[in-house]
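Some notes on the structure that comes next.
Only the coordinates and a few stated rules stand behind these numbers; no lab work does. Because the structure is a prediction, the values reported are computed rather than measured. Note that we place each Cβ from the backbone using ideal geometry, even for glycine, and neighbour counts take in every protein chain shown.
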Amino acid sequence: MSFDIENYLSDQSNGNVILFYKGNIDSNVINHVLDTVEDKMVAVNEQSKLRKKVYNVLVESLQNLYHHVDRVPADFEDQTAEKFGLLVVKKVDNGYKIVTGNFVQDDNIEKLEEKIKRINRSSHEEIKELYKFILNHQRISAKGGGGLGLVDIARKTGNKLEYSFKKYNDKYSFFYLDILVTEEN
Amino acid sequence: MEPIIIEGTPKTPTVKFDSAEGVFEIKGRSIPENSVEFYKPLVDWLESYKESPLTKTVVNIRLEYFNTSSSKCILDVFKKLEAIHRAKNEVEVNWYYEEDDEDMLEAGEDYESIIRVPFKMIEIVE
């Protein structure tokens, strides 16, 4: 299978894209994305409960990219991006969809996938307990992440984390995370 | 002790820690990429305040958003308050949340269950 971000995204084309970004994820980009999406939700009078959930999930997913992405592969077209990430925000019938994408070295896939699977097989109560446990027992890592981002996303959305890994070359894959934020948990 | 007064920004909260008043406040948004950098001075300040605190300290937390990296730093703030409370001083945390914001209420309840300091959950009704 060939590697093509745009193809992957057009495969799931239902819903209106309100923001698309690919490139370096730095602090300014994060600010800009948050402001843009917040303004758009306010402009359509989105109810505040949903607006807050979307905002929170966006913060966590962007900062996950900021803290955790692996370096881009040496043969990737965009070498200027130290922290290359992809973000799509879409309005769907019952809420918003947030899709992120980033490179992952194959050695790191197992750990990430295990983490997601653990979250996905947990009940809401178990996720709450897991959150509290990590909050109370895990230090902030050298990369600056707290290890809570995905747990928090699952907790706030009440939905399973959908994801996939698409092979890029013999060392790297591209990781897509597909988050649905709905009005009701 | 010199008070800490920090103006809020879109990503960091307004902070007012004044040992003359004994009412401390953290308010606004706390979503910086590097939350340790922001909170370390606050935690250090509380460490000094702990040496000779007022008999009663009230802490108002009124956050609209906070990210998970801030959540650990806020826990560190509460741990200092817990130590002050443990040394037989009165400490009270007022945790504010907007009326439809169950996530913020739950976040307050998380801390309440971890930290041995009296919490009051206060709903802000518009």
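Table for the structure above
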quantity	calculated
3J(HN,Hα) from dihedral phi, segment A:159-169, Karplus parametrisation 6.51/-1.76/1.60, rounded to Hz, x for glycine, proline	10, 5, 7, 8, 7, 7, 10, 10, 4, 9, 8
Loop-located GluC sites (Glu not before Pro) in segment A:68-169, at most 15 other Cβ atoms within 10 Å (DSSP)	A:Glu77, A:Glu82
Kirkwood Rh and Cα Rg combined as Rg over Rh, evaluated for segment B:42-111	0.99
Length-normalised contact order for segment B:1-47 - Cα pairs under 8 Å, 6+ apart - percent	29 percent
Nearest-20 debye value, the protein assembly as shown charge dipole, Cβ charges on Lys, Arg, Asp, Glu	600 debye
Radius, Kirkwood style, for segment B:4-124 when every pair of distinct Cα atoms is counted (Å)	14.3 Å
Rel. contact order, % - alpha carbon contacts under 8 angstrom, at least six apart, chain A	26 percent
Taking all pairs of distinct alpha-carbon atoms in the protein assembly as shown, Kirkwood radius in angstrom	20.6 Å
Greater than 22 Å apart at Cα, pairs in A:Lys90/A:Lys156; A:Lys22/A:Lys49; A:Lys49/A:Lys156	A:Lys22/A:Lys49
Largest-first ellipsoid semi-axes for segment A:5-182, taking √(5λ) over the Cα gyration tensor eigenvalues, angstrom	23, 22, 16
3J(HN,Hα) from dihedral phi, segment A:25-42, Karplus parametrisation 6.51/-1.76/1.60, rounded to Hz, x for glycine, proline	9, 10, 4, 5, 4, 4, 4, 5, 4, 4, 4, 4, 5, 4, 4, 5, 5, 5
Per-peptide average of other Cβ atoms within 10 Å, ordering A:153-159, A:60-66 highest first	A:60-66, A:153-159
Only Lys, Arg (+1) and Asp, Glu (-1) charged, at Cβ; chain A dipole about Cα centre in debye	660 debye
Computed FRET value (nearest 0.05) for A:Asn16 with A:Ser164, which takes r as the C-beta separation and R₀ as 22 Å	0.45
Derived scalar couplings ³J(HN,Hα) [segment B:70-80; Karplus, 6.51 cos²θ - 1.76 cosθ + 1.60; whole Hz; x for Gly, Pro]	5, 4, 6, 5, 5, 4, 4, 4, 5, 5, 5
Amide H contacts of A:Tyr168 (H built 1.01 Å from N, under 5 Å, at least 5 apart or other chain)	A:Ser173, A:Phe174
Packing rank of A:41-53, B:7-19, B:24-36, where each peptide gets the mean count of other beta carbons within 10 Å, highest leading	B:24-36, B:7-19, A:41-53
Shielding by partners, peptide A:54-60 (average Cβ within 10 angstrom, other chains)	4
Long-range amide H partners of B:Val23 with built H, under 5 Å	B:Asp18, B:Val58
Placed amide H near B:Asp100: partners under 5 Å, 5+ positions off or other chain	none
Average other protein chain Cβ within 10 Å of Cβ, residues B:29-39	4
Exercise: per-residue mean of other protein chain Cβ atoms within 10 Å, B:64-75	6
